[in-house]
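The values are calculated or read from the model by the stated rules, or taken from the named source; none is laboratory data. Remember, it's a predicted structure, so these values are computed and weren't measured experimentally. A quick note on method: Cβ atoms are made from the backbone with ideal geometry, for glycine too, and the neighbour counts reach across all protein chains shown.
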Amino acid sequence: MSSATYRDIVAGNAGYFVRSNPTLCFGGVILLLVIASAVFAEALVGVDPLEINPLNRMKPPSAEHWFGTDMFGRDILSRTLHGGRISLLVGLVVSACATASGLTLGLLAGYNRIADALVMRVMDGLMSIPAILLAIALTAVTNASTGTVIFAITVVELPRVVRLVRSVVLSVREQAYVEAAVIAGTRPLKIVVKHILPNTIAPLTVQATYICAAAILIESLLSFLGAGTPPEIPSWGNIMAESRIYFQLAPWMILIPGVFLAVTVLAVNLMGDGLRDLLDPRLSGTR
Amino acid sequence: MVEYILRRLLATIPVLAVVAIVVFSILHLTPGDPAAMIAGDQGTEEQIQQIRQKLGFDRPIHEQFYVWLVNVSQGNLGVSIFSNKPVTELLAQRIEPTIALTVTTTIVTVFLALPLGVLAAWHAGSLIDRSVMSFAVLGFAFPVFVIGYILIYVFALKLSILPVQGYVSISEGFWPFLQHLILPSFALGMSFTALIARITRASVLEVLSQDHIRTAKAKGVPTAPLLCSHALKNAAVPIVTIIGVGIALLLSGVVVTESVFAIPGVGRLVVDAILSRDYPVIQGVLIVFALVYVLINLVIDVSYVFLDPRIRY
Amino acid sequence: MKIKRTAIAALLGISGALSGFQCLDAAAETVIRSVPIGNLKVVDPIWTTAYITRNHAYMVWDTLFATDANNTIQPQMVDTWSTSEDGLVWTFTLRDGLLWHDETPVTAEDCVASLKRWSKKDGMGRSLAGFTKDIETVDGKTFKLTLTQPIGFVLDALGKIDSNVPFMMPKRLAETDPNEQIKEVIGSGPFRFVAEEWVPGSKVVYRKFEKYVPRSEPASLAAGGKVVHVDEVQSIYMPDAGVAMAAMASGQIDLMESPPTDLLPLLEQNPDVTVAANDPLGYQLFMVINHQQPPFDNVNARQALLWGNKQSDYMATIVGDPKRWNECPAVYGCGTGSESSAGSDALMGFDTAKSKDLLKKAGYDGRPITMLDPADNSTLHPAALVGAQSLRRMGLEVKVEAMDWSTLTQRRASKEPVDKGGWNIFITNATVAGIANPLIHTFSKNCDQAWYGWPCEPKIVELSREWALEADPKKARALVDQIQTLHMQNVTYIPLGQYRPAIAYRKEISGVIQSPSLFYWNLKKSN
């Protein structure tokens, strides 16, 4: 015991952590790699993702352009790596916004009857419109921008978070210790912060990862339908959307961003599964 | 039971009201209207203004909303600004392909996913289990349209065994009808199959660990009936719930799938309408979608009674 | 075993009989399945100028006059016509046997009402109305147009091929407010619109109109005999061109009106498919500049754009295949009667250094230039990308704003400063047939009356008017050179090259007429 250094303990624990949570760690490593490739895109490929070169149109993968070029002669590798920035940004920001606003609304709904009726009716309404349609309605009629896309997907994902938080609040409120605190005259805000909030963290974290994956996918579908992020800035979705008519002629144009997207969604979902097993074993195996 | 259903039906009214308000305000409070599009490629500002006036877009927004609401409550969804056809007629023209696609996809996925999920649960931890679960994770990861293009490329272009695109009405023969729906159903069903397989596996796994199953197993009840009659039956409620959730998911996927395979369904109708700001069509179709969603969920809740005798309303 | 075999034989027999039946059915009916240039949203060709609606209208409605392949105006519904000696009174008589699709005869009254509605919307129609004193029916088949002064473009207006085409409609339709859409689709053209089978956003069905009487001359562009050789045309809109191509390769589709040029090599390899140029003139791509907002309110800054844009950059990127585009110095398009290269040194020369000098001279302060990018348009979106790159090359700061086409059509109407919702530049296109002379050209008006961008050069309007009244071809020619030079000096706008899209059809199809709008008469389909 005395011979073990601090580093050994950390390393030992880390090794144990990896062994006991393989999915979480596997997903985490892949995700980190994807994030790194997006962040260091410039350093990895020195080619401007926007540079048009008419002489170099639709060239198959080669030593110069590893993943080929698109219909305007732009480098696909560079576009895909840069595109990762927008797609990941959309995924992360949507999951953060949806969780934060969902938490607020869910707590409100779980705690106040009038707010509950109001918030839940609106959420029911939002949920009953197919997600994609609501999202394109939101993006298509306003000016296309990454911000609008993030807002639209957040609105679409919000109801599920609100429902989740509300159900946690309702079940926690029934607990004896919370009722005791209420009777003892503890201020509602304190009850929320001290007793209820901690209980929401585990399910919310899991939900946040799934939302992140869903947001990345929805962004690509919006681009496909012509209402996604503006094409001036590449995202995986709009690269695929722009190149889809060429799928017979130059399949790499759509497959490469597609594989990046799939790997990322896969990694995030694996992390979600891993987190769920770790934080909330009762939920294991369900979504 | 009847009282419950009635109560639920009444509860749909506020939901629809929310949908109406949300949709109407999204459309009318944001810039862009159809007048410019109607005027066309060479239209002038003056022409656009005249058309806008004729369509009544210069009137106050609450007035427009009131007029629309009164019409909708009387079952009149309005007339398309562009094609001049009643929205109800447009819907009627487009409903068959969408229903057909949704139904075939549900059938395909349920028939694929249930056995896969049960199999995975039965052999939990084995190679079969792991490959089913890997598929289940992968099925979520690809956007519908990428799967669609891969299927078209392989089965329609390279192997030439299925048509590339289009829809043939069931009235023109069952086989051509089915033929045109195979690729779209598989493309659309991929993520749905993954979802249901996961849930089935989890639910069956849970039931399998329960005492009465263990007892039955100990008593020597053969595997197949045990799985089918005991385990699956007990796992039915979560599975049906998720199929309900899935149908909502499906309605989203239908929109994209219809675009890929050029199927003239409701999804395409509303996407085209949104992109060209055909307000009456967007509003009408979304209201109908919301109604369908609410009704499907009602049917699912009611079905619990039959699936699980312990549930009663 | 034996039973099984007979059962199979029986089944085969049935299916054989069924397929035989289908063959018979196919032989009886010739149906062309075609993918149009876009989604037909509006059926009224006067209400909208959209090309897809014009193409649709050529199926259903007929015209008094029409342009032939030699660019001359030929009579179509008109049998004979005459002009009074002073050139003021024009009398037109319709030919025999013209019927509306509801089988009532076409009358002069219908035509007068149709011309009135058209002349309230169309640019050339308005010009004609400006010189018109009166238009009235003489008898059932004759009507008379009285002018205030003799003008040279009466027939050019009545026989124009670009939107809005003066299509003849029954009086009850023609009396619809021009800002409202007509309520039914009834014409006297070679095809009948099947309203019951129209699925907006997906399929439009046209049946041959059996009682249509074609002219006896051979078909030539929009003129000549419109003889229909098929029973039905199904125009099937497919949002995804890649899938449409695949459908054509597998024989589900007979014809594509506008396959993406990049995909043409794939079709050219297919022995079952013909790829052909359709419109000999094609389209002009051009850059629209906002003359009212800085920095391009300064002529030097506009001159800088002229030197710094290279037509081949645009053409090679958006069209690709060099046999489908060419550089063109002419404001009125190459291959037209008004083609000219006058004053085009800066346009055709390319010199970034000169651009930078001119920008300095204009006092450009590094403010961002707002460029509108219609991201949903497969031609104009890449053009905007090339445009942004070209502008940056000249040292301009560029902000590209992506939007869909319908938003752009609204945004371009704003004369506000850029930070208040205005704009500096966008790129669009027009059919060359639609800009082929000073009278019909997009930029033939001035300042506040001008098209978007609002260039101000009063002399252009004056000279264009002179051109319209000029009867001597030589003098008209000189006027064109003069006007074009003015356009170039003032940099009204910047032509970015001319390109000719192709159409593709399966080998069974023959008799395709080369035209900016695909016509379905004269087409044959063999089995």
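If a residue has to be in contact (Cβ under 8 Å) with a residue 12 or more places away in the chain, within 10 Å of chain B (Cβ to nearest Cβ) and either polar (S, T, N, Q) or not in a strand (DSSP E or B) (or both) to count, how many in the range C:190-220 make the cut?
Total meeting the criteria: 3.
Please enumerate the residues belonging to the range C:457-491 that are surrounded by 15 or more Cβ atoms within 10 Å (Cβ to Cβ), modelled with pLDDT under 90 and in a loop (DSSP other than H, G, I, E, B).
Residues satisfying the conditions are C:Glu457, C:Glu470.
Going through the range C:413-435 one residue at a time, which ones are buried (at least 19 other Cβ atoms within 10 Å of the Cβ) and either closer than 15 Å to C:Ile369 by Cβ or within 14 Å of chain A (Cβ to nearest Cβ) (or both)?
Those that are buried (at least 19 other Cβ atoms within 10 Å of the Cβ) and either closer than 15 Å to C:Ile369 by Cβ or within 14 Å of chain A (Cβ to nearest Cβ) (or both): C:Trp423, C:Asn424, C:Ile425, C:Phe426, C:Ile427.
Could you tell me whether B:Ser160 is more than 27 Å from B:Leu116 (Cα to Cα), among the hydroxyl-bearing types (Ser, Thr, Tyr) and more than 25 Å from the chain's Cα centre (by Cα)?
yes
Scanning the range C:336-353 for residues that are of a type in the set (D, E, K, R) and either within 14 Å of C:Ser390 (Cα to Cα) or not in a loop (DSSP other than H, G, I, E, B) (or both), which turns out farthest from the chain's Cα centre (by Cα)?
That would be C:Asp351.
Considering only residues that are over 19 Å from A:Lys59 (Cα atoms) and of a type in the set (Gly, Ala, Ser), look in the range A:249-268 and name the one that is nearest to the other protein chains (Cβ to nearest Cβ).
Step by step, filter the range A:249-268, then rank; the result is A:Ala262.
Please determine whether any residue of the range A:232-239 is more than 20 Å from B:Val256 (Cβ to Cβ), within 14 Å of chain C (Cβ to nearest Cβ) and surrounded by fewer than 18 Cβ atoms within 10 Å (Cβ to Cβ).
yes
Report those helices (runs of 4 or more DSSP H) wholly inside the range A:63-161 carrying at least 3 residues which are over 20 Å from the mean Cα position of the chain (by Cα) and within 12 Å of chain B (Cβ to nearest Cβ).
Passing ranges, in order: A:113-127, A:131-141.
Suppose we keep only residues that are surrounded by 17 or more Cβ atoms within 10 Å (Cβ to Cβ) and touching a residue at least 40 places away in the same chain (Cβ under 8 Å) within the range A:45-62. Which one would you say is farthest from the other protein chains (Cβ to nearest Cβ)?
A:Pro49
Yes/no matrix, rows are residues, columns are (1) closer than 26 Å to C:Asp79 by Cα; (2) surrounded by fewer than 23 Cβ atoms within 10 Å (Cβ to Cβ):
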position	(1), (2)
C:Ser163	yes, no
C:Glu184	no, yes
C:Gly201	no, no
C:Glu217	yes, yes
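Somewhere in the range B:230-238, is a residue within 8 Å of another protein chain (Cβ to nearest Cβ) and surrounded by fewer than 18 Cβ atoms within 10 Å (Cβ to Cβ)?
Looking through the range B:230-238, at least one residue is within 8 Å of another protein chain (Cβ to nearest Cβ) and surrounded by fewer than 18 Cβ atoms within 10 Å (Cβ to Cβ).
Based on what the data block shows, is C:Ser510 surrounded by fewer than 18 Cβ atoms within 10 Å (Cβ to Cβ), under 30 Å from C:Ala223 (Cα atoms), of a type in the set (Gly, Ala, Ser) and more than 20 Å from the chain's Cα centre (by Cα)?
Taking the combined requirement at face value, the residue satisfies it.
Looking only at the range C:384-401, count how many residues are over 25 Å from C:Trp325 (Cβ atoms) and either within 13 Å of chain A (Cβ to nearest Cβ) or not small (Gly, Ala, Ser) (or both).
Residues in the range C:384-401 being over 25 Å from C:Trp325 (Cβ atoms) and either within 13 Å of chain A (Cβ to nearest Cβ) or not small (Gly, Ala, Ser) (or both): 4 in total.
Mind listing whichever residues of the range C:269-314 are in a helix (DSSP H, G or I) and more than 14 Å from every other protein chain (Cβ to nearest Cβ)?
C:Val299, C:Asn300, C:Ala301, C:Arg302, C:Gln303, C:Ala304, C:Leu305, C:Leu306, C:Trp307, C:Gly308
Of all residues in the range A:69-125, count the ones that are acidic (Asp, Glu) and surrounded by fewer than 24 Cβ atoms within 10 Å (Cβ to Cβ).
2
For the structure I just gave you, tell me whether B:Thr200 is of a type in the set (Ser, Thr, Tyr) and surrounded by fewer than 16 Cβ atoms within 10 Å (Cβ to Cβ).
For B:Thr200, the condition - of a type in the set (Ser, Thr, Tyr) and surrounded by fewer than 16 Cβ atoms within 10 Å (Cβ to Cβ) - is not met.
So B:Ser134 ticks every box in (1) part of a helix (DSSP H, G or I); (2) buried (at least 21 other Cβ atoms within 10 Å of the Cβ) but one. Which box is left unticked?
Checking B:Ser134 against (1) part of a helix (DSSP H, G or I); (2) buried (at least 21 other Cβ atoms within 10 Å of the Cβ), the one that fails is (2).
Based on this model, can you work out whether A:Ala181 counts as over 30 Å from A:Arg74 (Cα atoms), more than 13 Å from chain C (Cβ to nearest Cβ), in contact with a helix residue (DSSP H, G or I) (Cβ under 9 Å, 6 or more places away or on another chain) and without any contact (Cβ under 8 Å) to a residue 24 or more places away in the chain?
So A:Ala181 fits the description; yes.
Determine which member of the set A:Ala131, A:Ala152, A:Ala137, A:Ala176 is over 18 Å from B:Ile274 (Cα atoms) and of a type outside the set (Lys, Arg).
A:Ala176
Could you check C:Arg207 against (1) at pLDDT 95 or above; (2) within 20 Å of C:Tyr51 (Cβ to Cβ) and say which number it fails?
(2)
Is it the case that some residue within the range B:207-218 is within 14 Å of chain A (Cβ to nearest Cβ), buried (at least 24 other Cβ atoms within 10 Å of the Cβ) and either over 30 Å from B:Tyr167 (Cβ atoms) or not β-branched (Val, Ile, Thr) (or both)?
No - not one qualifying residue is present in the range B:207-218.
In the list A:Ala227, A:Ala213, which residue meets the criterion of being surrounded by 18 or more Cβ atoms within 10 Å (Cβ to Cβ) and at pLDDT 90 or above?
A:Ala213
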